[in-house]
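Heads up, the thing below is written out as structure tokens.
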Amino acid sequence: MKKITRILAITVSILCLAFNLSAQETSLPQSLEIPSAIGDNMVLQQNSTVNIWGYAKPKAKVSVACDWIAGKPVSVKADAEGVWIVPVAVPAASFDPHTVTIKCGKQVVTLKNILFGEVWLCAGQSNMEWPVSKTLDMKKDLEGEMNTNLRLLCTGRIEAATPQRDIPVQEGKNTKWAVCNPKDLAEFSAVGYGFGKELQQTLGVPVGLVDASYGGTYIEGWMKKEVIDADPKIAKDCTKIKHKKWAGKESQLYNANIYPIRHNSFAGVIWYQGCANVSSSPRGYAHALEVLVNSWREEFRNPTMPFYIVQLVPHTYSGIKGAQLRESQEKAAKRIEHCEVVGTMDQLDIPGDIHPRYKADVAHRLAQTALGEHYGKSVGVYRNPAYKSISVEGNSIRITFNNVPSTLVAEGRINGFQIGVADPKNEKKLVFCLADAVIDGKQIVVSAPGVTAPKAVRYCFNEDVGNVFSAEGLPLLPFRSDKNNASLSATPYVEPASEIAVTVEAKKGYYTMSEFTEGAHMWPNLKQKLSEVYPREFEGFKMLTAASLKKHKTAGGKITASAAGRIYCIARNTADIRKYHDKHGWKLIIPAEVRAVKPDGKKIGAQYVCYRNVEAGETVALPRVKDHYSLFVLAKDITLVEVEK
């Protein structure tokens, strides 16, 4: 009965929210309404003309008085839709609190504790949304003294079918301007907070931050409907979105998050988005991003508004789609004035994790970019080294880069470079293989055994993790010298497999021994078999598999190493493995992708080889995870000891 009551309550809440979202737009205001974007504690963009705005009954007279402006209040009439706007001159930054008094008939609203400073919009999907409370290198700030010169506004996690007059109210969410405090900061964008904190401390002015982010969203959702309708390319890309939640919902993020703040003024935008569009139109993303930037600049009446883009980290995207999206981010930045890309190739604390849990470096790089490019501060080098050109020198290729003030550096084996030659079977394609790379000051020379007529070079143009940096500490951006989208990159480098034997103690009757090779049975109770997609470094290894049982936690077991080296297991890239990474040191090998195939030839979702470094005789617990596809033990030789449990 309690469950039914709870379901009914949730259903009623959803229906009420849907009604409120539609009612906001279809009914005209009947009294003075002040939107959340204009309120107590807000920061107004310094040295500019900003809008004090809101809603009232159509044709109603509204007056606005600012305590920093002498003379009579400014009066305007609400238009036919009930919108009223009063442009106000804002002087230089000030920590002195100010007030704005708004009157409409007998209604009087006084906005208090208003500061002048820099205001930035922090937008995107889950990596921008990722809160301070979950960020390993920032959550400590929740226990310290709050920076009250930071003001926060979060639109929340919301979408709407029609443009909303105000940020939709959400239970448990504060959608009003707030002086930085532990509760609101805990749920605020970590990247946005770190960025704003550094700006505030460096510039010495108040900073206002608006967090408009929603995980898993497509760029088309953040665009005004009229903008999409006027652009055939973007309209076509909308049809490629097959996601069960977002297909057919273009503009709905704009309606709920951007439209309600459209009359505010911003110094600039930081943008961390793109993961979702890898699956729909990674190559079309450059155009879409350019259109988004231009439309937002028009929306916020700031034609040169800075727009800084965070590049996606390597993940488990298939083929070169993820690389094409990163390339599109860089293309857009090159086309758009006052637009920069911030590189993140080194930001994977857990390989393959789409959500890096450390955000301080990303926030710092964004802040350095804004301070250097927009504010003209002497912050040193803030642009990542990036591809410029190549020249073929016999059997090798020399690569020249931009943004390398002194030299390039790398630790250990240089990873991520591939060299391409003409495909003898198809003149329209190139074939790529792993390349050896040598740093020569500001340049890099690549070659590969057996390659005598190189045509092109690629760097991390897949999901490989590079390790080349400028001497100033910024990672080299991924690139390709060719434009051949039909040519896939080679499989990334995987370290030679550790061939130590292991003993596995596990529950009796749970595991089945088999060999890791194409055609091997993956789950004893299913028909899927290992396809041709698997890391050849582990060819012929022994494998312990288990039945696929939905809603069952895996049995686990104990693995004892016969010698020092690495032990391995095959796992889904799940939250369970990420947790086990922290507790017990298991790590995913991104390039080591494993794909099973159904009898009809269709491949199922990828799995990955994980490893853990061990000493001779060391015993390690195999993770137990909530995943019906289980975890498989992988080793050169396995002795299975079954026990009654």
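The values are calculated or read from the model by the stated rules, or taken from the named source; none is laboratory data. In this text, all values refer to a predicted model and were calculated from it rather than measured experimentally. Ideal geometry is used to build each Cβ from the backbone, glycine not excepted, and the neighbour counts take in all protein chains shown. Ligands, DNA and RNA are excluded from the accessible area calculation, which covers all protein heavy atoms including side chains. Shrake-Rupley method; radii C 1.70, N 1.55, O 1.52, S 1.80 Å.
Within a Cβ distance under 11 Å of residue 268, other residues only, what is the Lys/Arg minus Asp/Glu net charge? Around residue 268, the surrounding residues sum to -2. Across 609, 421, the residue with the most accessible area heads the list, and the full order at a 1.4 Å probe is 421, 609.
Helix-only arithmetic for the chain: the sum of -39500 (n - 2.57) across DSSP H runs with n ≥ 4, divided by the residue total, places the mean residue ellipticity at 222 nm at -5000 deg cm²/dmol.
Express the C-alpha Rg of region 43-100 as a ratio against the empirical globular expectation 2.2 N^0.38 Å, rounded to two decimals. Provide the component values of the computation, followed by the final result.
Working: Rg = 12.4 Å, N = 58, 2.2 N^0.38 = 10.3 Å.
Ratio of Cα Rg to 2.2 N^0.38 Å: 1.21.
Here each label is just a point 7 Å from Cα along the line to Cβ, and for residue 183 and residue 439 those points are 5.0 nm apart. Label positions at residue 47 and residue 526, each projected 7 Å from the Cα along the C-beta direction, are separated by 6.0 nm. Descending by average beta-carbon neighbour count within 10 Å, the peptides 58-64, 495-501 line up as 58-64, 495-501, the highest first. For residue 619, project a label point 7 Å along Cα to C-beta. Then give me every residue of region 545-588 with its amide nitrogen under 12 Å of that point. Within reach of a label on residue 619, which here means backbone N under 12 Å from a point 7 Å along Cα→Cβ, region 545-588 contributes 557-561. Percent of Cα pairs in region 486-567 per distance bin of 10 Å, from zero to the largest separation: 14, 38, 35, 10, 2.
For region 191-260, a Kirkwood hydrodynamic radius built from all Cα pairs, placed in the Stokes-Einstein relation at 25 °C and 0.890 mPa s, yields a translational diffusion coefficient of 175 µm²/s. In region 533-574, Rg over Rh equals 0.98, where Rg is the alpha-carbon radius of gyration and Rh the Kirkwood radius from pairwise Cα distances.
To the nearest 20 debye, what is the magnitude of the charge dipole of region 417-488 about its Cα centre, counting +1 on the Cβ of each Lys and Arg and -1 on the Cβ of each Asp and Glu? Intermediate values should be presented prior to the final figure.
Working: 8 positive and 8 negative charges, 66 e Å.
Result for region 417-488 is approximately 320 debye, rounded to the nearest 20.
With contacts taken as Cα pairs under 8 Å and at least 6 residues apart, region 384-460 reaches a relative contact order of 36 percent.
As an exercise, find the ratio Rg/Rh for region 271-323 from alpha-carbon atoms, using the Kirkwood inverse-distance average for Rh. Mind dumping the intermediate values first?
Values: Rg = 12.9 Å, Rh = 12.3 Å.
For region 271-323, the value is 1.04.
Computed 3J(HN,Hα) for region 389-397, one whole-Hz value per residue from the Karplus formula 6.51 cos²θ - 1.76 cosθ + 1.60 where θ = phi - 60°, is 6, 10, 9, 7, 10, x, 8, 10, 10, glycine and proline marked x.
How high is the relative contact order of region 481-535, in percent, with contacts defined as C-alpha pairs under 8 Å that are six or more residues apart?
Computed over region 481-535, the figure is 17 percent.
Rolling a 1.4 Å probe across all protein chains gives residue 629 an accessible area of roughly 50 Å². Against the chain, whose longest principal axis comes from its Cα atoms, helix 190-203 is set at around 60 degrees.
Distances between placed amide hydrogens fall under 5 Å for residue 33 paired with 55, 56, all partners being 5 or more residues away or on another chain.
If you count, for each residue, the other Cβ atoms within 10 Å and average over each peptide, how do 119-129, 70-80, 149-159 line up from highest to lowest?
Working: 119-129: 25.4, 70-80: 12.4, 149-159: 23.5.
Ranking, from highest mean packing down: 119-129, 149-159, 70-80.
With the cut-off at under 16 Å, measuring from each backbone N in region 546-563 to a point 7 Å along the Cα-to-Cβ line of residue 583 picks out 553-559. Along the axis of the charge dipole computed for the chain (Cβ charges of +1 for Lys and Arg, -1 for Asp and Glu, origin at the Cα centre), the listed residues 517, 490, 456 are led at the positive end by 517.
With the cut-off at 1.5 for a/c, could you classify region 332-376 from its C-alpha gyration tensor as rounded, prolate or oblate? Could you put the intermediate results ahead of the total?
Details: a/c = 4.06, a/b = 1.79, b/c = 2.27.
It is oblate, given that a/c is not under 1.5 and a/b is not larger than b/c.
Here the contact order of the chain, divided by its residue count and restricted to Cα pairs under 8 Å and six or more residues apart, works out to 10 percent.
For the chain, the longest principal axis of the C-alpha atoms and the axis of helix 285-299 are separated by about 10°.
Within the same chain, lysines fewer than 8 places from residue 551 are excluded, and of the rest, those with a Cα less than 21 Å from its Cα are 3, 507, 508, 527, 579, 626, 645.
Taking a sphere under 15 Å around the Cβ of residue 86 and counting the other residues whose Cβ falls inside, with K and R at +1 and D and E at -1, yields a net charge of +2.
Based on the Cα atoms of region 312-449, what semi-axes does the equivalent ellipsoid have, where each is the square root of 5 times one gyration tensor eigenvalue, given in whole Å with the largest first?
Numbers: eigenvalues 166, 75, 52 Å².
They are 29, 19, 16 Å, listed from largest to smallest.
In region 237-334, a dipole from Cβ-located charges (positive for Lys and Arg, negative for Asp and Glu) runs towards its positive end, and of 312, 333, 261 it is 312 whose Cα lies farthest in that direction.
May I ask you to compute the full-extension gain from residue 85 to residue 549, defined as 0.36 nm times their residue separation minus their alpha-carbon distance, rounded to one decimal in nm?
On the way: separation 464, 0.36 × 464 = 167.04 nm, distance 6.05 nm.
So the extension gain works out to 161.0 nm.
Each 10 Å bin from zero holds the following percent of Cα-Cα pairs in the chain: 3, 14, 22, 23, 19, 11, 6, 2, 0.
For the chain, give the magnitude of the charge dipole about the Cα centre (Cβ charges: +1 Lys/Arg, -1 Asp/Glu; no others), in debye to the nearest 20.
1860
Between the helical axis of 360-369 and the longest alpha-carbon principal axis of the chain there is an angle of about 60 degrees. Look at the dipole of region 82-168 built from charges on Cβ: of 99, 153, 131, the Cα furthest out on the positive end belongs to 99.
Quick one: dipole size for region 181-228, taken about the Cα centre, charges +1 on Lys/Arg Cβ and -1 on Asp/Glu Cβ, in debye to the nearest 20.
Values: 4 positive and 6 negative charges, 10 e Å.
My answer is approximately 40 debye.
Length gained on full extension, residue 558 to residue 499, computed as 0.36 nm times the residue gap minus the Cα-Cα distance: 19.4 nm. Which net charge results when you count Lys and Arg as +1 and Asp and Glu as -1 among the other residues whose beta-carbon is under 11 Å from that of residue 281? Once positives and negatives cancel, what remains is +3.
Distance between the 7 Å Cα→Cβ label points at residue 108 and residue 358: 5.5 nm. Calculated on the alpha-carbon coordinates, the convex hull of region 528-645 measures out at 118 cubic angstrom per residue.
Stokes-Einstein at 4 °C, 1.567 mPa s, Kirkwood radius from Cα pairs: D for region 377-443 in µm² s⁻¹? Intermediate values should be presented prior to the final figure.
Numbers: Rh = 14.2 Å.
Here the translational diffusion coefficient equals 91 µm²/s.
Overall shape: oblate for region 242-290, with the ratio a/c of the largest to smallest alpha carbon gyration tensor axis at 1.5 or above and b/c at least equal to a/b. Computed over region 394-478, the percent of Cα pairs more than 23 Å apart is 22.
Can you work out the FRET efficiency for the pair residue 377 and residue 70, with r the C-beta to C-beta distance and R0 = 25 Å, to the nearest 0.05? All intermediate terms of the calculation are to be shown ahead of the outcome.
Numbers: r = 34 Å, r/R0 = 1.35.
With a Förster radius of 25 Å, E is 0.15.
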